[in-house]
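Just below is one structure, and these are the notes that go with it.
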Amino acid sequence: MNSNEAVSALVKAFDHAGIPYMIVGSFSSNAYGVVRSTQDADFVVACPFIDVARVVKELGPPWHFDPQISFESVTGTKRCLLELEDDPFHIEVFRLSDDPHDQLRFERRHEIVLPNLQTPAIVPTPEDVIVTKLRWVEQAARSKDRDDVRDIITVQQELLDWNYIDHWCDQHGTRKILDDIRNGIPSFNP
């Protein structure tokens, strides 16, 4: 089972179990920007982790649910890890937090067909991917998140709701990072 098949299988399992979810991280930025490879996938769910464990148990081998729950500091939520036996690819599942932007991006999510998947999946809007990735840039200084933001802006700039993005960047204190990225895009036309 390759990474795309794993993500597709989990999407179908969540849909079948009625678990509200969205795919975030690199899979969602790949949908709106430039496709890049990744060694993991990230989901946000609005359910207890016991429901995720049940779904993984029903999927059976090669799936494994790690019962060790950890804390994610950017939105202040919990996460669990799903692994595939004998494969470095893993899936992080985050609980939907009480963070106002996390709540709103979950409400705004929609279904699209992701690159390389053969099934529709639920993802955040491109604006919400940008806002979230900028929070990660500020908190963890990850260059890949900065690159993802630049790529999404380059590809989607004329379609984006800039008032929405600017509002949340002002709220999160990431507006300077956003402006630096926009100013570095030669074709950017506000």
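The values are calculated or read from the model by the stated rules, or taken from the named source; none is laboratory data. Computed from a predicted model, the values in this text were never measured in an experiment. Cβ sites come from the backbone with ideal geometry, for glycine too, and all protein chains shown count toward neighbours.
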### Query
Does H167 meet the test of being farther than 16 Å from F188 by Cβ, out of contact with any Lys or Arg (no Cβ under 9 Å at 6 or more places or on another chain) and not aromatic (F, W, Y)?
yes
### Query
Restricted to the stretch 130-164, and to residues that are in contact (Cβ under 8 Å) with a residue 40 or more places away in the chain and in contact with an Asp or Glu (Cβ under 7 Å, 6 or more places away or on another chain), which residue is surrounded by the fewest Cβ atoms within 10 Å (Cβ to Cβ)?
W136
### Message
Take the residues in the stretch 11-65 that are hydroxyl-bearing (S, T, Y) and touching a residue at least 24 places away in the same chain (Cβ under 8 Å); name whichever of them is farthest from L134 (Cα to Cα).
### Response
Y21
### Message
List pairs: first residue in the stretch 101-129 and at positive phi, second residue part of a loop (DSSP other than H, G, I, E, B) and of a type in the set (A, V, I, L, M) anywhere in the structure, Cβ distance under 9 angstrom, at least six positions apart or on different chains.
### Response
N116/V35
### Query
Can you tell me which residues in the stretch 7-52 are in a loop (DSSP other than H, G, I, E, B), hydrophobic (A, V, I, L, M, F, W, C) and surrounded by fewer than 16 Cβ atoms within 10 Å (Cβ to Cβ)?
V34, V35, A46
### Unmet criterion (only one of (1) in a helix (DSSP H, G or I); (2) at pLDDT below 95; (3) within 30 Å of F65 (Cα to Cα); (4) in contact with a helix residue (DSSP H, G or I) (Cβ under 9 Å, 6 or more places away or on another chain)) for Q139
(4)
